Amino acid sequence: MAQTYGHFVDGTSVAGTSDRFGDVYNPSIGEVEKTVSLATVDEVNAAIESAAKAFPAWSATNPQRRARVMFKFKELIEANRDELARLISEEHGKVIADAHGDIQRGLEVIEVACGIPHMQKGEYTDGAGPEIDVYSMRQPLGVCAGITPFNFPAMIPMWMFGMAIATGNTFVLKPSEKDPAVPLRLAELFMEAGAPEGVLNVVNGDKVAVDAILDHPAVEAVSFVGSSDIAHYVYSRGTANGKRVQAMGGAKNHGIILPDADMDQVVQDLLGAAYGSAGERCMALPVAVPVGQSTADTLIEKLIPEIEKLKVGVSTDPDAHYGPLISEAHRAKVQEYVQMGVDEGAKLVVDGRDFSLQGYEKGFFMGPCLFDHVTEDMKTYKEEIFGPVLQVVRAETFEEAVALPTKHQYGNGVAIFTSNGRFARQFAHKVQVGMVGINVPIPVPVSYHSFGGWKRSAFGDANQYGMEGVRFYTKVKTITQRWPEGQTEDSAFIIPTMQ
Ligand code: NAD
């Protein structure tokens with residue numbers, strides 16, 4: 001009997017009661033190893049009620065004590081890192097080194113959350129008027145919810161619940177149904193770290209669970225990360241129901257390569273950024289834009305032999321650069337995009353579609369693909385592919401290259417490779433994208449800055465984590481106070497006037 005994942009509600013693991021299940025694959029072997037119960041509306045409501053019940057006491061817990069739970073949680077993640085990485089690699093298919101990266105980048109948000117007493121201190125103005133002082137505080141919202149994608153099952157949940165809970169909220173997480181093991185394990189560790197029951201709940205599920213969250217009146221804020229159409233849907237439905245929503249979507253990040261870039265370094269950067277984690281990263285770099293024909297020719301010439309050296313393998317193979325895709329359906333979709341690229345007239349220089357790993361023929365593997373002469377009008381350029389496919393779009397000038405990411409529907413990340421500071425600065429200033437790398441291929445901001453794209457890569461105003469996370473998960477209250485001389489607490493209350 002395959003293991004069936006349930007939920008984590010009110011401080012404990014609970015079996016699901018629904019008659020609907022999702023398959024959880026091991027993508028390296030291409031077989032269903034576990035199933036997950038897909039929550040009913042009642043189950044989601046129970047998790048929200050548990051969080052609502054926990055809110056008064058948790059929000060009244062002083063920030064230093066809340067931080068102590070975060071410190072302990074950080075220790076527990078470190079102590080269980082190998083187990084978590086193994087679970088990620090088993091269900092997601094990313095190689096162990098990438099799985100450790102997934103944990104590490106989430107852990108760094110928890111480290112920032114340990115500093116919550118300082119971050120949530122509020123502001124004070126002494127003497128804003130005659131004997132009048134003004135202070136403002138950031139109070140938690142109540143029950144917050146997070147809906148997360150399959151590709152970072154540790155990092156993205158921690159981006160969300162780390163900041164939400166540290167600021168005094170309680171939380172309901174609805175992780176991806178494709179790799180539910182780690183979010184559930186994180187909830188167990190969070191309890192072990194000393195969090196009271198109900199502060200962090202996990203419900204597994206699909207659209208039914210998402211809609212139940214979006215429609216529940218007790219949910220004050222929703223943080224979403226996933227594909228853009230669903231992000232837009234979550235943003236629209238959540239805000240229509242009066243909730244605060246931040247919804248991060250898909251991406252198509254460009255890497256602009258100027259003729260003065262260190263081409264050997266660029267090639268190595270592209271290999272990691274385009275093919276790492278099988279291209280299933282929202283900060284992957286699937287579009288390379290060399291400026292000038294000779295830059296493009298050199299790039300292609302140097303890339304091909306390096307791509308051919310990439311090792312695709314099972315997620316536990318320490319020598320593999322990347323593992324399988326998440327599912328057979330997703331691999332088929334990526335392969336369709338590759339065929340579409342050929343039909344659209346791009347030149348397929350490396351074709352990894354027929355790749356099969358000996359002994360793992362049922363695994364969802366795909367070899368790396370490289371396209372040259374991709375143009376702006378192609379559907380395969382306009383859309384997110386989310387697989388091991390690198391597209392080279394040749395630009396004649398710097399201006400033409402900068403215009404590409406600026407005009408693109410997505411605006412998550414972008415990078416420029418050059419040794420010219422002036423061009424780099426101009427580029428960073430002008431480009432209409434939320435996160436920019438200068439000779440940095442994957443510019444995911446460190447945890448004390450914040451993460452967020454522009455255009456169809458993010459709906460809503462607030463970024464994830466850092467001070468932006470504190471702002472998203474709190475509301476400001478401003479108090480204007482005056483204590484006139486000679487009055488005691490028993491004196492008549494006088495409302496200050498403008499005189
Ligand atoms: P997805 O949009 O399919 O799923 C994300 C979440 O939405 C999951 O929890 C899923 O259960 C839920 N969901 C799916 N269909 C739904 C529906 N019809 N109604 C309501 N909820 C629904 O995304 P995915 O395939 O899990 O993840 C890959 C996508 O996420 C890519 O597009 C990638 O670029 C994006 N992503 C973006 C960021 C970012 O920060 N911008 C980070 C990681 C991933």
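Here, each number is a calculation from the coordinates, and none is a lab measurement. Keep in mind it's a predicted model, so treat the numbers as computed, not measured. Note that each Cβ is placed from the backbone with ideal geometry, even for glycine, and that neighbours are counted across all protein chains shown.
Remark on the chain: ratio of C-alpha radius of gyration to 2.2 N^0.38 Å is 1.05.
Expressed to the nearest 5 percent, the antiparallel share of DSSP beta bridges inside the chain is 45 percent.
Projecting the Cα positions of VAL338, TYR360, GLY276 onto the charge dipole of region 254-438 (unit charges on Cβ atoms of Lys, Arg, Asp and Glu, taken about the Cα centre) puts GLY276 furthest along the positive direction. Distance from the alpha carbon centroid of region 179-196 to that of region 327-344 works out to 36 angstrom. Computed with the Debye formula from one identical point scatterer per Cα of region 354-452, without solvent, the log10 of I(q)/I(0) at q = 0.16, 0.17, 0.19, 0.22 Å⁻¹ comes to -0.83, -0.90, -1.04, -1.25. Pairs exceeding a 30 Å alpha-carbon distance, out of LYS53/LYS74; LYS74/LYS407; LYS178/LYS311: LYS74/LYS407. When only alpha carbons are used to place a centre, region 61-138 and region 368-417 end up 35 Å from one another. The modelled label-to-label distance for the pair ASP461/ARG353, using points 7 Å beyond Cα in the direction of Cβ, is 4.7 nm. The charge dipole of region 254-438, taken about its Cα centre with unit charges on the Cβ of Lys, Arg, Asp and Glu (plus for the first two, minus for the last two), comes to roughly 480 debye. Since only ASN62, VAL32, ILE479 are under comparison, the one whose Cα sits farthest along the positive direction of the charge dipole of the chain, derived from C-beta charges on Lys, Arg, Asp and Glu, is ILE479. How would you classify region 254-438 from its alpha-carbon gyration tensor, with a ≥ b ≥ c the square roots of the eigenvalues: rounded for a/c under 1.5, else prolate if a/b is greater than b/c, otherwise oblate? Prolate, since a/c reaches 1.5 and a/b exceeds b/c. Converting the Cα gyration tensor eigenvalues of region 215-295 into ellipsoid dimensions via √(5λ) gives semi-axes, longest first, of 39, 12, 9 Å. Rounded to the nearest 10 degrees, the inclination of helix 81-92 to the longest alpha-carbon principal axis of the chain is 60 degrees. Considering region 3-98, its Cα convex hull presents a mean projected area of 8.0 nm². Say the dipole of region 222-362 comes from +1 at the beta carbon of Lys and Arg and -1 at that of Asp and Glu; which of PRO305, PRO290, SER315 then lies farthest toward its positive end? Working it through, the farthest residue towards the positive pole turns out to be SER315. Name the GluC sites (Glu not before Pro) in region 124-233 that are in a loop by DSSP and that have at most 12 other C-beta atoms within 10 Å, would you? Passing sites in region 124-233 are GLU131. Mean sequence separation of contacting Cα pairs (under 8 Å, at least six apart), scaled by the length of region 353-480, corresponds to a relative contact order of 16 percent.
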